[in-house]
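Scroll down for the structure; my scribbles are underneath it.
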Amino acid sequence: MTKPRPPIFAASGADLGKDVIARYCDTWFISHAPGLAAYESNALAIAADIRDMRERADRKSTRLNSSHL
């Protein structure tokens with residue numbers, strides 16, 4: 001078992017869910033469109049999602065695992 005506790009993983013696209021993740025979770029799963037044709041739009045959306053989640057974590061005085069962000 002990981003000390004002091006096992007890592008907490010979650011996924012949500014809703015604002016309330018993202019706030020909960022920013023406060024209590026270690027890792028956040030993101031969603032993206034499938035296929036190579038969506039690569040560029042996915043990269044831009046993922047970068048924006050990461051910025052948003054980092055801002056949420058900063059407001060909550062927490063930090064998500066940087067190896068996953």
- Note on the structure: A chain fully extended from residue 59 to residue 15 at 0.36 nm per residue, minus the present Cα-Cα distance, gains in nm 14.5 nm
- Item | Distance in nm between pseudo-label sites at residue 30 and residue 47 (7 Å out along the Cβ direction from Cα) | 1.0
- How much of residue 40 can a 1.4 Å solvent probe reach, expressed as accessible area in Å² and rounded to 10? 130
- Note on the structure: Between the residues 7, 21, 48, the Cα farthest towards the positive end of the dipole of the range 1-64, that dipole coming from +1 and -1 charges on the beta-carbon of Lys, Arg, Asp and Glu, is from 7
- Solvent-accessible area per residue, Å², over the range 15-60 with all protein chains present [probe radius 1.4 Å]: 69
- Note on the structure: In order over the range 38-49: 3J(HN,Hα) from phi, Karplus 6.51/-1.76/1.60, θ = phi - 60°, whole Hz, x for each Gly or Pro, gives 8, 3, 5, 5, 5, 4, 5, 5, 5, 4, 5, 5
- Item | Per-residue ³J(HN,Hα) for the range 51-60, Karplus 6.51 cos²θ - 1.76 cosθ + 1.60, θ = phi - 60°, Hz, x for Gly and Pro | 4, 4, 5, 5, 5, 4, 5, 4, 5, 8
- Query: With θ set to phi - 60° and the Karplus curve 6.51 cos²θ - 1.76 cosθ + 1.60, what are the ³J(HN,Hα) couplings of the range 21-34 in order, to the nearest whole Hz, using x for Gly and Pro?
  - Reply: 4, 4, 7, 10, 9, 9, 9, 10, 8, 9, 10, 8, 6, x
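The values are calculated or read from the model by the stated rules, or taken from the named source; none is laboratory data. For clarity, every value in this text was computed on a predicted model and none was experimentally measured. Quick reminder, even Gly has a Cβ in these numbers, built from the backbone with ideal geometry, and neighbours come from all protein chains shown. Calculation scope for accessible area: heavy atoms of the full protein, side chains included, ligands and nucleic acids excluded. Shrake-Rupley method; radii C 1.70, N 1.55, O 1.52, S 1.80 Å.
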